[in-house]
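Trainee: This structure is in structure tokens; I'll ask about it shortly.
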Amino acid sequence: FTAAAVVLLQQDGKLSLDDPVRKYIPELPDYGSPLTIRHLLNHTAGLRDWGTVMSLTGAGRGDRVISQDLALDVIIHQRALNFTPGSEYSYSNSGYNLAAIIVERVSKQKFPAFVEDRLFKPLEMKSSSWRDDYQRVVPGRAQAYARQGNGPWRLNMPFMNVYGNGGMLTTVGDWMKWNAMLDSQSLGAPLVNALHTRGVLNDGRKIAYALGLEVDTYKGLKAVSHGGSTAGYQTYLARLPDNKFSIGVMCNGTSPSAGEIAAGVADEIFGPYPEAPKTEPVKVSDDELKKFVGIWRNEKTHSPARFVFENGVSRWSGARLVPTGGGQFTVGENKLKFTFDKDGKPASAETVDSDGEVRRFVPESEWKPMAQELAAFQGDWFSEEAGAKVTVAIEGEKAFLKQRPATSLPMQPLYKDHFEVQGYVAWFTRDRNGKVNGMHVGASRMRDMPFVRVK
């Protein structure tokens with residue numbers, strides 16, 4: 001819906017998807033490479049996700065009231081990107097928050113009012129609105145729940161006033177009206193065609209993500225879909241346009257998976273499917289497979305991947321591998337390929353996904369630092385971009401990342417100067433004399449947040 005709002009403004013002649021974002025949001029830093037509205041909508045801008053950045057303060061998305069202004073403030077304080085705009089795809093809520101702000105600045109209307117006038121009313125989506133005030137009473141709204149393992153269900157409601165990246169309140173019935181519009185093109189073919197146009201990277205590769213929609217296939221059938229989740233809610237909306245089929249799934253709990261429910265319904269209707277060609281596994285000796293066992297570091301993100309071989313089965317970060325020979329494997333729809341040095345030892349690994357995205361890994365040795373070695377990292381560290389201060393504390397032979405007032409996260413050693421910290425990777429850099437001079441924290445939607453030591 002956010003992408004559609006932007007496209008409507010383009011059709012009004014008030015903006016272009018290829019306009020620079022700073023034309024409308026001049027407070028955004030100049031990153032040295034063109035950053036366009038289209039990059040925002042394709043998730044190819046390289047913007048750090050504001051929620052991931054905010055979590056470094058110890059109070060992230062689910063810990064405090066967040067306004068659109070606060071999200072924008074976090075975004076504009078980022079002096080670096082995850083990557084050059086247009087070079088990669090990486091989902092980031094920041095892009096769609098900025099897109100909603102652009103709609104407001106160009107249309108001179110609040111975003112919820114613009115979408116109401118241009119989309120909800122024409123389509124008679126009478127049960128749809130936006131969570132721009134989380135305290136507003138919305139008749140019929142389902143509360144959201146979550147639980148840890150088999151523990152008790154607990155309320156898990158979002159108390160945010162951000163929108164554009166999500167925050168829409170609706171029903172399956174209203175969703176079907178939206179999908180019917182996409183099928184019939186009742187609001188015009190140009191709108192629908194724009195939303196269905198897949199992103200193109202700088203190197204010419206097409207990605208599955210279009211404008212707020214994924215345009216792909218499901219078991220050989222053309223599929224247009226998008227899923228999402230916030231706090232205890234999760235949703236999935238899909239169309240098989242050639243089959244005149246739509247399904248919307250809304251869950252007010254963290255399990256089962258909304259996407260799996262949608263897939264199960266589609267399978268009941270359209271299955272069984274023609275047998276897909278299977279990759280025939282190549283017989284590879286156990287000794288050969290054991291060469292790859294160990295921990296591997298992603299060169300861009302510093303995050304770990306593990307090759308495990310147990311009970312005759314090899315896995316890459318938990319996913320089962322099918323060997324195809326010559327140091328190559330398939331892992332689901334992706335491929336994994338190893339290269340070797342002159343001695344025949346694995347020297348690097350590459351994964352290639354369905355969009356052609358290549359991720360390169362290098363082998364690392366497991367690192368088990370002693371307390372004396374850990375002492376080089378202890379102290380207070382500050383990130384101006386994240387507005388976050390953390391303390392690295394050493395207790396015995398273990399390191400902890402601490403945040404005020406009472407958060408203490410174990411730092412599990414990975415490989416030299418690298419730690420795993422509850423979904424993050426933290427690593428330290430050294431000067432030419434080997435003295436620790438910087439700390440960095442990365443995650444899937446925030447590749448590298450630098451910290452400096454507080455004197």
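The values are calculated or read from the model by the stated rules, or taken from the named source; none is laboratory data. What you see is a predicted model; the values in this text were computed from it and never measured. As a convention, Cβ positions derive from the backbone with ideal geometry for all residues, glycine included, and neighbour counts pool all protein chains shown. Surface accessibility is based on the protein's heavy atoms, side chains included, excluding ligands, DNA and RNA. Shrake-Rupley method; radii C 1.70, N 1.55, O 1.52, S 1.80 Å.
Listed here are the residues, each with its yes/no results for (1) among the charged types (D, E, K, R); (2) in contact (Cβ under 8 Å) with a residue 24 or more places away in the chain; (3) under 30 Å from Gly60 (Cα atoms).
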{"position": "Asp343", "(1), (2), (3)": "yes, no, no"}
{"position": "Asp355", "(1), (2), (3)": "yes, yes, no"}
{"position": "Glu384", "(1), (2), (3)": "yes, yes, yes"}
{"position": "Ala388", "(1), (2), (3)": "no, yes, yes"}
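Trainee: Right, next: What helices (runs of 4 or more DSSP H), lying completely within the stretch 56-126, carry at least 2 residues that are of a type in the set (D, E, K, R)?
Mentor: So the answer is 68-76, 93-107.
Trainee: Can you tell me which of (1) charged (D, E, K, R); (2) surrounded by fewer than 17 Cβ atoms within 10 Å (Cβ to Cβ); (3) within 19 Å of Val7 (Cβ to Cβ) is the one Arg239 doesn't meet?
Mentor: (2)
Trainee: In the stretch 206-228, which residues are small (Gly, Ala, Ser), in contact with a strand residue (DSSP E or B) (Cβ under 6 Å, 6 or more places away or on another chain) and closer than 23 Å to Gly86 by Cβ? Steps first, please.
Mentor: To start, the set of residues in the stretch 206-228 that are small (Gly, Ala, Ser) comprises 208, 210, 212, 220, 223, 225, 227-228.
Now restrict to residues that are in contact with a strand residue (DSSP E or B) (Cβ under 6 Å, 6 or more places away or on another chain): 208, 223, 225, 227-228.
Selection gives Ala208 alone.
Trainee: Okay, next question. Any residue at all in the stretch 311-322 that is in contact with a helix residue (DSSP H, G or I) (Cβ under 8 Å, 6 or more places away or on another chain) and over 22 Å from Gly423 (Cα atoms)? Walk me through it before giving the result.
Mentor: Filtering the stretch 311-322 down to residues in contact with a helix residue (DSSP H, G or I) (Cβ under 8 Å, 6 or more places away or on another chain) leaves 312, 314.
Checking which are over 22 Å from Gly423 (Cα atoms) leaves us with 312, 314.
Checked the stretch 311-322: at least one residue is in contact with a helix residue (DSSP H, G or I) (Cβ under 8 Å, 6 or more places away or on another chain) and over 22 Å from Gly423 (Cα atoms).
Trainee: Search the stretch 272-299 for residues being surrounded by 10 or more Cβ atoms within 10 Å (Cβ to Cβ) and among the hydroxyl-bearing types (Ser, Thr, Tyr), and hand back the single one that is modelled with the highest pLDDT.
Mentor: We begin by selecting, within the stretch 272-299, every residue surrounded by 10 or more Cβ atoms within 10 Å (Cβ to Cβ); these are 273, 279, 281-282, 284, 288-299.
Now restrict to residues that are among the hydroxyl-bearing types (Ser, Thr, Tyr): 273, 279.
Numbers: Tyr273: 93, Thr279: 70.
In this case the residue turns out to be Tyr273.
Trainee: Looking only at the stretch 305-322, which residues are open to solvent by less than 60 Å² (accessible area, probe 1.4 Å) and out of contact with any Leu (no Cβ under 7 Å at 6 or more places or on another chain)?
Mentor: Ala305, Phe307, Val308, Gly312, Val313, Gly318, Ala319, Val322
Trainee: Shifting gears a bit: I'd like the full set of residues that are buried (at least 19 other Cβ atoms within 10 Å of the Cβ) and polar (S, T, N, Q), limited to the stretch 130-172.
Mentor: Asn161, Asn165, Thr170, listed by residue number.
Trainee: If you go through the stretch 58-66 one residue at a time, do you hit one that is open to solvent by 20 Å² or more (accessible area, probe 1.4 Å), modelled with pLDDT under 95, on the phi > 0 side of the Ramachandran plot and not aromatic (Phe, Trp, Tyr)?
Mentor: yes
Trainee: So which residues in the stretch 213-244 are of a type in the set (Val, Ile, Thr) and touching a Ser or Thr at 6+ places or on another chain (Cβ under 9 Å)?
Mentor: Pass one, the stretch 213-244, residues of a type in the set (Val, Ile, Thr): 215, 217, 224, 230, 235.
Within the stretch 213-244, Val215, Thr235 meet the criteria.
Trainee: Within the set of pairs 6 or more residues apart or between chains, which connect a residue that is within 20 Å of Glu384 (Cα to Cα) inside the stretch 55-70 to a residue that is modelled with pLDDT of 90 or more and in a loop (DSSP other than H, G, I, E, B) with Cβ atoms less than 7 Å apart?
Mentor: Hits for this filter: Leu56/Ala386; Thr57/Ala386; Thr57/Gly387; Ile66/Asn161; Ile66/Val162.
Trainee: Take the residues in the stretch 30-51 that are part of a loop (DSSP other than H, G, I, E, B) and touching a helix residue (DSSP H, G or I) at 6+ places or on another chain (Cβ under 7 Å), then tell me which one is surrounded by the most Cβ atoms within 10 Å (Cβ to Cβ).
Mentor: Checking each candidate, the answer is Leu47.
Trainee: Here is a follow-up. Tell me which residues, restricted to the stretch 175-205, are crowded, with 16+ Cβ neighbours inside 10 Å, among the charged types (D, E, K, R) and out of contact with any strand residue (DSSP E or B) (no Cβ under 9 Å at 6 or more places or on another chain).
Mentor: Lys177
Trainee: Among (1) surrounded by fewer than 17 Cβ atoms within 10 Å (Cβ to Cβ); (2) assigned to a loop (DSSP other than H, G, I, E, B), where does His302 come up short?
Mentor: Unmet condition: (1).
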